[in-house]
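Coordinate-derived values only; no laboratory data. Treat the numbers as computed from the prediction; the structure is a model and nothing was measured. Neighbour counts are summed over all protein chains in view; Cβ atoms, including those assigned to glycine, are modelled from backbone coordinates with ideal geometry.
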Amino acid sequence: MGLLSKKDAKLITDPLADNNPITIQVLGICSALAITAELKASLVMAISVLFVLGIGNVVISLMRNIIPSKIRIIVQLIVVAALVIIVDLVLKAFAYELSKTLSVFVGLIITNCIIMGRFEAFALGNGPWKSFLDGIGNALGYGVILIIVGFFRELLGSGTLFGIPVLGDPIAKTGLYSMGYENNGFMIMPPMALIVVGIIIWVQRSRNKALIED
Amino acid sequence: MENRTDKNSYTILFAIGMVLVVGTLLAFAASFLKPNIDENKRLEKQQNILYAMGVNENDENNANFVSTTDAPELFKKYIEKQLIIQGADVAEDDQAYLIDVKKEQTNAKAGIERKLPLFVGKKDNTLFYIAPIRGKGLWDAVWAYVAMDKNMVIQGVFFDHKGETAGLGANINKRFFMDDFIGEDLKNNGVFKGIAVAKGNADPLNKDKTDNEVDAIAGATITGNGISAMLKSELKLYEPYFETLKN
């Protein structure tokens, strides 16, 4: 990390593990449960949030000295909503296929508490560069968990990855299915996402005891 | 700094300013990009109609449209006639594919007779009758382009949706679901019955094409019910026209 000072690098690496927004701060759970039934959706959501959080943090940081504290939350909300709408329009005009894949996620980005959380906790008190790094870091931390959950849910629930069958054909009974393996239909339901996230939290805390709260 | 931004007057002015700036920005972006967006939607309709009648670039597993650059030309080549059916009147109109089905449904509720677009396509000397239909899924609209032969046996179908759940209801536009409809008879012994997306129809490979059922997607019950209802109520409207084809 020659480009970044040690402190700046920490802004990116911290949220990836020891201060992960999902597994440690338990933010952004709603979208993590809703859209991780397949890997592709998880990846698309992760990239969308990366974009919105990176830019949003910079915008809020630039405005931090002129935002009236009484209405700061609503100002943050307007910034996210405006960014998301612009992104949506640009995609519809120039990358129509992609915008159709995104459809639902666009609305979900606005309600993602990680975004408001980072605006409130970091961007309002720090400069644009630091805020940008913090935004990228947190979005990556969020994305990593999303992709891990999406990977296991799609693999065990549908036997596919990115929509490509990897375990054989469940109906024609080829590959693993010929040996009596069955897809676990429960994996594609939201409750299993909660359980997978729970397992990740468990693994993470048993490896690093310092993370365990009293 | 603290004092200035804490004042009520400042807060109100800031709010007004913010709304003006953001509002202008969004309005400008929306009107600037609208022509592009409309064009994309128009091409998509052509791609969807062509897809339903089997003019597509499907590979082994995935549904692929013809490219947007080829779509207008292929649309001209394969679609022979575009009809607007209104009651007993049938008129030709080469802009029929631009009819907004949602608007027509609203009109119908208000008592205005509905315009039903129907596209007649020809491929390898076979005629396809393609109807655009629209209904409700779990979260939002679902719609379809259904290609039939003159006996109302489905020859191809393209489903799409606005906001069904990713990985569950959103899978209606995947081939494993859409291809099941091919060959299904909308009628049963000559009586219009529609096709139901059924759970537990004991035919997951969909070998029985006369049971008026296809296998449902697990975890997408309400989307599936929406599809069943849409196929039944919307395609029934086309039945009188198909009756006239028999003579």
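Look at the alpha carbon pairs under 8 Å that are at least 6 residues apart: their mean separation over the length of region A:21-203 gives a relative contact order of 36 percent. Shown in residue order for region B:116-131 are the 3J(HN,Hα) couplings computed by the Karplus curve 6.51 cos²θ - 1.76 cosθ + 1.60 at θ = phi - 60°: 9, x, 9, 10, 9, x, 10, 9, 6, 6, 10, 8, 10, 10, 10, 10 Hz (x for Gly and Pro). For chain B, the relative contact order works out to 14 percent when only alpha carbon pairs closer than 8 Å and six or more residues apart are counted.
Using a 10 Å cut-off on Cβ atoms, rank the peptides B:34-46, A:163-175 from the highest mean neighbour count down. Don't jump to the answer; show the numbers that get you there.
Working: B:34-46: 15.5, A:163-175: 13.8.
Ranking the peptides B:34-46, A:163-175 by packing returns B:34-46, A:163-175.
Of all the options A:Asn20, A:Asn57, A:Asn126, the one that moves most in a Gaussian network model of chain A with Cα springs shorter than 10 angstrom is A:Asn126. Computed from backbone phi, the HN-Hα couplings of region A:200-211 come to 4, 4, 4, 4, 4, 6, 6, 7, 10, 5, 5, 7 Hz, rounded to whole numbers (Karplus: 6.51 cos²θ - 1.76 cosθ + 1.60, θ = phi - 60°; Gly and Pro given as x). Tell me whether region A:21-203 comes out rounded, prolate or oblate; compute the Cα gyration tensor, take square roots of the eigenvalues as a ≥ b ≥ c, and use a/c under 1.5 as the rounded threshold. Taking the square roots of the gyration eigenvalues as a ≥ b ≥ c, region A:21-203 is prolate. The fewest-to-most ranking of B:Asp180, B:Asp89, B:Asp185 by surrounding Cβ atoms within 10 Å reads B:Asp89, B:Asp185, B:Asp180. By the count of neighbouring beta-carbon atoms within 10 Å, fewest first, A:Phe151, B:Phe177, A:Phe119 end up ordered A:Phe151, B:Phe177, A:Phe119.
Packing, as the average of other Cβ atoms within 10 Å across residues, places the peptides B:60-68, B:168-176 in the order B:168-176, B:60-68, highest first.
Determine the shape class of chain B: with a ≥ b ≥ c the square roots of the Cα gyration tensor eigenvalues, call it rounded for a/c under 1.5, and otherwise prolate if a/b is greater than b/c, oblate otherwise. Taking the square roots of the gyration eigenvalues as a ≥ b ≥ c, chain B is prolate.
Shielding by partners for peptide B:29-36, expressed as the average number of C-beta atoms from other protein chains within 10 Å of each residue's C-beta, is 4. Each residue of region B:181-198 was assigned a 3J(HN,Hα) from its phi angle through the Karplus expression (A = 6.51, B = -1.76, C = 1.60, θ = phi - 60°), giving 7, 5, x, 5, 8, 6, 9, 10, 6, x, 9, 5, 10, x, 10, 9, 7, 10 Hz with x at Gly and Pro. So, how do all the Cα-to-Cα distances of the protein assembly as shown break down into 10 Å bins, in percent, from 0 on up? Each 10 Å bin holds this share of Cα pairs: 4, 17, 24, 22, 17, 10, 4, 1, 0. GNM remark for chain B: springs join alpha carbons under 10 Å apart, and the peak mean-square fluctuation among B:Ala216, B:Ala131, B:Ala29 falls on B:Ala29. If one takes the longest principal axis of the Cα atoms in chain A, at what angle in degrees, from 0 to 90 and to the nearest 10, does the Cα axis of helix A:96-110 lie? It works out to around 60 degrees.
Rounded to the nearest 20, the size of the Cβ-charge dipole of region A:1-84 about its Cα centre is 320 debye, with Lys and Arg at +1 and Asp and Glu at -1.
Fewest neighbouring Cβ atoms within 10 Å first, the residues B:Met178, A:Met45 line up as B:Met178, A:Met45.
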